[in-house]
Amino acid sequence: MEETRLRNWNLQLFADEGDKTEEPTPHRLREARRRGQVFKSIELNSALNMLGMALLFMVAGKAAYGSFMEMMQAYLGDLFIQSAAGLNQSGVTSLAYRHFLGIAGPVFVVALGIGLVSNLAQVGFVFTGAHISPQLNRLNPVEGLKRIFSRRALFELVKAIIKVIIIGATTFFLVRSDLDRLMVLINQPAALGARVFWETMARLGLVVGLVFLGLALMDYLYQRYEHQKSMRMTVREVKEELKHLEGDPLVRSRIRERQRAIARRRMLQEVPTADVVITNPTEIAVALRYRQEENQAPVVVAKGIDYMAARIREIAAEHKIEIVENPPVAQMIWMHCEVGSEIPVELYQAVAEILALIYRNREKKF
């Protein structure tokens, strides 16, 4: 039994030191992002681009088809007429540019916009030069083989195979369902064949894009899981990061102790300004000050127990400040009031009686 408990303890110690069991801290994630280590799914970008292109062709396909037919007619039907009319080579080239930009321009703009929005939605704006700086370990053939035969490479291979199978099957069944419609176009005018082919390709792109989007969303979730897993930390790393960010615990404790000592000195310096010190009689001492023009109620200028209570009584005796023994009031002030705060309403009556007694004693002396 003892041996089993010892073995479990040793295994737990080993896990604390070496296993990455802790979730990444915000600081680690920020540092990783600063170095450009962010997760994103390339598949999601491709799927959104495919869907965007399919929707563009379905919405603006007729206009693009018309522009394409005009361009073909201009270059294949009217080229000789234009040459005879004296249209030179630069004019033909300029006309070609205009036709090309009219057709391809919207495609480029939509593709660029979708790519930017998709990347910004996944990772936001990240600028770093870490990935373009030379990394000599990339030239190590052993490390290269490790990357080739790694678990991630295997996953990418399986993902590519599954993607090809699913998208290929989807394409096959869609084309087969339209095969009869496409076959009868053999004896039809070319314009009709081109229009039907255009519509079929747009519908195929939309369906395949939706299937691709489903696969891309699963890939996005996996990439996020892998990134979160790679960012995990050991218990020692968490402790080291905490020590780095907040300083050594011993140093922090010394700083806190020094701050408490400074606060105690300042508090004791306020004792001579008090009107009365209420005690318990020896364990607790609280010093109160009341200035009618400054305060609505008496203010606690100092409080302490044991050694600090004795110091407060000593300073009060040195400065001839009245010391009144009242355990209930002293305990209430000690438990519910902070230094520099006014006493609560519940103690107004009791403290007022104590202060009235002190003021009467002072008047008798004078």
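Just so you know, all these numbers are worked out from the coordinates, no wet-lab data involved. Owing to the predicted nature of the structure, the values given are computational and were not obtained by experimental measurement. So basically every Cβ, Gly included, is an ideal-geometry build from the backbone, and we count neighbours across all protein chains shown.
I need the calculated FRET efficiency for the pair ARG30 and ILE255, taking r as the beta carbon distance and R₀ as 30 Å, to the nearest 0.05.
Computed FRET efficiency for ARG30 and ILE255 comes out at 0.75.
Could you grab the relative contact order for region 263-365? Cα pairs under 8 Å, six or more apart, rounded to a whole percent.
Rounded, it is 30 percent for region 263-365.
Taking every pair of alpha-carbon atoms in region 241-356, what share in percent sits in each 10 Å bin, from 0 to the bin with the longest distance?
Result returned by the calculation: 14, 43, 24, 12, 7, 1.
At 7 Å along Cα-to-Cβ for each site, give me the label-to-label distance between LEU221 and LEU116 in nm.
So the two model labels end up 3.1 nm from each other.
Could you please report the charge total around SER41, scoring K, R as +1 and D, E as -1 over all other residues with beta-carbon less than 13 angstrom from its beta-carbon?
Net charge around SER41: 0.
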